[in-house]
Amino acid sequence: MAWLAQAFNPCRMGRATFAEEGRALRMTQPNPVSPSALPTAAGTDVHVVVVTYNGEAWIRGCLESLAQSSTPVRSIVVDNASTDRTADIVEQEFPGTRLIRSTKNLGFGGGNNLGIVQALADGARYVFLLNQDAYV
């Protein structure tokens with residue numbers, strides 16, 4: 001688990017930060033956002049993690065398809081330090097999506113791990129990994 005904490009310690013995810021305590025990873029958030037505060041269908045067990053990097057061309061279609069899914073889902077976007085408007089689009093146009101802005105590119109695996117940790121902290125029963133250029 002120490003490698004996980006080392007990978008996440010340098011990242012700022014909005015207001016959330018990760019810290020290592022012994023060998024456990026702990027998420028601290030000074031102003032926590034309750035999962036129930038995000039607008040989604042009641043009883044959402046499925047959390048979808050989308051890792052982005054300069055995905056401005058695809059992110060709208062991806063998140064719109066999730067919003068129209070026949071299965072209610074909660075979306076988490078991990079932006080890997082994009083240099084385009086990807087994170088701004090998510091923040092401005094998809095307010096029900098949890099956005100984690102990484103200050104450095106963690107790669108696809110590191111971004112997914114970060115999103116999975118957040119999904120589990122939010123009470124996910126199932127986690128679905130979706131590419132930024134894919135639709136459901």
Fill in the blank from the handout: Relative contact order as a percentage, the stretch 46-130, C-alpha pairs under 8 Å and 6+ apart, gives 42 percent
Exercise for the section: Quick one: net charge around Val73, please, counting Lys, Arg +1 and Asp, Glu -1 for every other residue with C-beta under 15 Å from its C-beta. Expected result: 0
Exercise for the section: Take the alpha-carbon positions of the stretch 46-130, form their convex hull, and give its projected area averaged over all directions (one quarter of the hull surface) in nm². Expected result: 4.9 nm²
Problem - Theoretical gain in end-to-end length, Thr83 to Ser65 [0.36 nm per residue, Cα-Cα removed] - result: 4.1 nm
Exercise for the section: Quote the charge dipole size of the stretch 46-130 about the Cα centre in Debye, to the nearest 20; the model charges only the Cβ of Lys and Arg (+1) and of Asp and Glu (-1). Expected result: 260 debye
Exercise for the section: Could you work out how far apart the two model spin labels at Leu120 and Ala134 are, taking each label as a point 7 Å from the Cα in the direction of the beta carbon, and quote it in nm? Expected result: 2.0 nm
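Here, each number is a calculation from the coordinates, and none is a lab measurement. Here the structure is a predicted model, which means the values were calculated and not measured. Neighbour counts run over all protein chains shown; Cβ positions are idealised from the backbone, glycine included.
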